[in-house]
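Accompanying notes for the structure given below.
Only the coordinates and a few stated rules stand behind these numbers; no lab work does. Keep in mind it's a predicted model, so treat the numbers as computed, not measured. We place every Cβ from the backbone using ideal geometry, glycine too, and count neighbours over all the protein chains shown.
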């Protein structure tokens, strides 16, 4: 691993890195470097030790050795998937194992680095991972808020929301629910107001768990 680099990286003290490696020298070296760059680093000597701790910090990324006693990096990744916490994972290894690498990538690993690797490679992967986890966090918050807001809709408004989400227009809602056009428009207006939405594109994006911040505001 080469620690010399011209990479200009802006530290982010709210970003968390879970570093897991049974090699003391690698763990201490990486931990010191990443702390120096401003990250909150949580170091562990084994995957089992890591799993005993809370991993609720976000945004976060895991850097883990691929080969470790008791539980390998890929086995750790599989366990996290079972637990429903898909923290972005960067694998590092002293040797490349094609089947393990393929399995890790299929389960969502963002990078696989073979030692020795450049610092820039690791920092670039960390940046991608933290951005991915931040996006996951934002979507999770949005979806949680949506679930709460949907409970505040009247039954007929919830019906209209579901129809709008699949692309129904006012006339189609009128026909589907057997109501007047003015009533369909009123229900639609109430749905948009209660969910604090400004366009149908936002509603559809929200329903599908997509980022709608860049959507134009229009009625």
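Results, tabulated for the structure shown:
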item: Taking the C-alpha atoms of region 16-138, convex hull volume expressed per residue in Å³; result: 97
item: Exposure proxy order (Cβ contacts within 10 Å, fewest to most) of 131, 111; result: 131, 111
item: Which of 31, 14 has the fewest Cβ neighbours within 10 Å, and the rest in rising order; result: 14, 31
item: Sequence-separation-based contact order of region 16-138, relative, with Cα cut under 8 Å and 6+ spacing, percent; result: 24
item: Separation of alpha-carbon centers, region 164-187 and region 38-82, rounded to whole Å; result: 50
item: Contact order normalised by residue count of region 152-207, Cα under 8 Å, 6+ apart, percent; result: 44
item: Per-bin percent of Cα-Cα distances, region 152-207 [5 Å]; result: 4, 23, 36, 25, 11, 1
